[in-house]
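Visitor: Dropping the structure in here first, questions after.
The values are calculated or read from the model by the stated rules, or taken from the named source; none is laboratory data. Here the structure is a predicted model, which is why all the values come from computation and not from measurement. Cβ coordinates were reconstructed from backbone atoms using ideal geometry, including for glycine residues, and neighbour counts include every protein chain displayed. The accessibility values were calculated without ligands, DNA or RNA, using every heavy atom of the protein model including side chains. Shrake-Rupley method; radii C 1.70, N 1.55, O 1.52, S 1.80 Å.
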Amino acid sequence: MGFIQITKSNIETEHICCAFGAKQYENAVNEKKKWLAERMDDGLVFYRLDERAKVFIEYLPAEMAWVPIQAPNYMYINCLWVSGKYKNNGYAKQLLNYCKEDAINRGMDGIVHIVGKKNYPYLSDKRFFEHMGFELVDQAGPYFQLVALKWNEQAVVPSFKKQVKTFSKDKGISIYYTAQCPFAVGILEELRIVAENKSVHFNAYRITTKEDAQNSPIIWTTFGLFYNGEFITHEILSSNKFDKLLTKLLTEE
């Protein structure tokens, strides 16, 4: 089984590994495709398994990445995902090698990626990256870590930008998100209904530019949920899970 590259010329006809057959996320998938196509002008590359599977890598130069990091002349991995029966077949290593070879050919100093202190939904497994030679270079609360693989020892050590400590001051629920993940875009209206049913103020802020993303109050700009100005989770929650979380938060007040 081989890999294919998704480009501006085939993105309309090829799948991008997300939300297969889910009508609810159809518009969100189209928005993701539009977002990807626009980022390809910034050097974004997307490889996936030539199969109806969630096996892909998405990366771009860190200076163009929609995250608040400083990593000049590094490649940033947006997402590396191998799911289900496709795990443990060496696909993640192959995809990472595509990224590494590309970065070396572009004269870059290394690769950088955001992981969690432990396993979290939607964040990569840190152990895999450690196994592949990545090292911890920075941390940010409550559980985000920046790992890097560098082959130029003189290169700058990547870091999180310091302004990530500036959090939302809104009352109630505030969600920051981008079009990068269809699941984030597709679930927002359901979450809004849950909050309104509990008389909780709900705000959703879509990050629409690289500059805003690089100076955002959240590390993982795909989705960040705050309650009364306090960061709660990066996890894209189902409506049921969000209902339980909101009940818990209201009980604790």
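Visitor: Residues that are of a type in the set (S, T, Y) and under 22 Å from A65 (Cα atoms): list the strands (runs of 3 or more DSSP E) wholly contained in segment 164-253 that include at least 1 such residues. Walk me through how you get there before you give the answer.
Guide: On the way: elements: 173-177, 202-206, 223-227, 230-233.
It comes to 173-177, 202-206, 230-233.
Visitor: Among the residues of segment 180-203, are any at pLDDT below 90, under 19 Å from the mean Cα position of the chain (by Cα) and under 30 Å from D109 (Cα atoms)?
Guide: Yes - at least one qualifying residue is present in segment 180-203.
Visitor: Continuing with this model, one more query. Kindly check whether there is at least one residue in segment 128-149 that is β-branched (V, I, T) and open to solvent by less than 80 Å² (accessible area, probe 1.4 Å).
Guide: Our first condition is that a residue be β-branched (V, I, T); within segment 128-149, this holds for 137, 147.
Cutting the leftovers down to open to solvent by less than 80 Å² (accessible area, probe 1.4 Å) gives us 137, 147.
Scanning segment 128-149, I find at least one residue that is β-branched (V, I, T) and open to solvent by less than 80 Å² (accessible area, probe 1.4 Å), so the answer is yes.
Listed here are the residues, each with its yes/no results for (1) open to solvent by 30 Å² or more (accessible area, probe 1.4 Å); (2) modelled with pLDDT of 95 or more; (3) out of contact with any helix residue (DSSP H, G or I) (no Cβ under 6 Å at 6 or more places or on another chain).
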| residue | (1), (2), (3) |
| --- | --- |
| K32 | no, no, no |
| Y47 | yes, yes, no |
| I57 | no, yes, no |
| M75 | no, yes, no |
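Visitor: Would you point out the residue of segment 39-86, among those that are farther than 20 Å from V112 by Cβ and assigned to a strand (DSSP E or B), that is farthest from the chain's Cα centre (by Cα)?
Guide: Here the answer is L49.
Visitor: Hey, P182 hits all of (1) open to solvent by 10 Å² or more (accessible area, probe 1.4 Å); (2) closer than 23 Å to S124 by Cα; (3) not hydrophobic (A, V, I, L, M, F, W, C) but one; which does it fall short on?
Guide: It fails just one condition, (1).
Visitor: Considering segment 108-124 alone, what residues qualify as being touching a residue at least 24 places away in the same chain (Cβ under 8 Å), out of contact with any His (no Cβ under 8 Å at 6 or more places or on another chain) and either open to solvent by 80 Å² or more (accessible area, probe 1.4 Å) or part of a loop (DSSP other than H, G, I, E, B) (or both)? I'd like the intermediate steps shown before the answer.
Guide: First, the residues of segment 108-124 that are touching a residue at least 24 places away in the same chain (Cβ under 8 Å): 108-118, 120-124.
Among the residues that remain, those that are also out of contact with any His (no Cβ under 8 Å at 6 or more places or on another chain) are: 108-118, 121.
Selection gives M108, D109, K117, K118, P121.
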